[in-house]
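Reading through the structure tokens given below for one structure.
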Amino acid sequence: MELSGQVEIDAPRDRVWSLVSDPRKMSGCAAGLEQIEEVGPGRFRLATKVGSGLMSTRLTADLELVAEPPDRAAVTGTGEASGNSLDARGQLTLSGPPGGPTLIAWQATIAIRGPFASFDKLLEPTAAKVVAEAFDCLRSQLHAGG
């Protein structure tokens, strides 16, 4: 599954970077996230509920974040959930004037193996909705002084 897009955030780039480059700060914007812990420099383990309705399960994943301040962050991850596994990678690039607005260009690739793989096309709209909600949450955090 390939996802990508761009969003404009009405905030200075350094404030946007401070949030998007730290998974712990972004955890409040991750739908279904139950736990996140740092297990090493740039390495995180998380537990989350993914999917919706009858097609939901708990996922545990290991993530590695590579940050190139203040403009680019990339993440790779692997996860396991009820006979399914996934590999994911994504990146975001920030641009625009230092004082804002900040343009975030993002892309993600998710490979699912197991029974959920047959629902790949059905999961895309749900994933796109989750991403849009995360960016709305990011805007709210920034406007609240986060």
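Just so it is clear, none of the values below were taken in a lab; they were calculated from the coordinates. This is a predicted model, so every value here is computed, not measured. All Cβ positions, glycine included, derive from the backbone under ideal geometry; neighbour counts span all protein chains shown.
What does the highest-first list of 10-20, 59-69 look like by mean Cβ count within 10 Å?
Answer by packing, highest mean first, reads 10-20, 59-69.
Do the sum for the chain: with -39,500 (n - 2.57) for every DSSP H run of n ≥ 4, divided by all residues, what is the mean residue ellipticity at 222 nm, to the nearest 500 deg cm²/dmol?
One gets -7500 deg cm²/dmol as the mean residue ellipticity at 222 nm.
Output wanted: per-residue J couplings in Hz (rounded whole) for the stretch 75-92, from phi through Karplus 6.51 cos²θ - 1.76 cosθ + 1.60, θ = phi - 60°, x for Gly and Pro.
9, 10, x, 10, x, 10, 7, 6, x, 10, 9, 8, 10, 9, 8, x, 8, 9
State the extension gain, in nm to one decimal, for the chain segment bounded by Glu38 and Arg15, taking 0.36 nm per residue of separation less the distance between their alpha-carbons.
6.1 nm
Helix 120-143 versus the longest principal axis of the chain: what angle, 0 to 90°, nearest 10, using Cα atoms?
Approximately 30 degrees, to the nearest 10.
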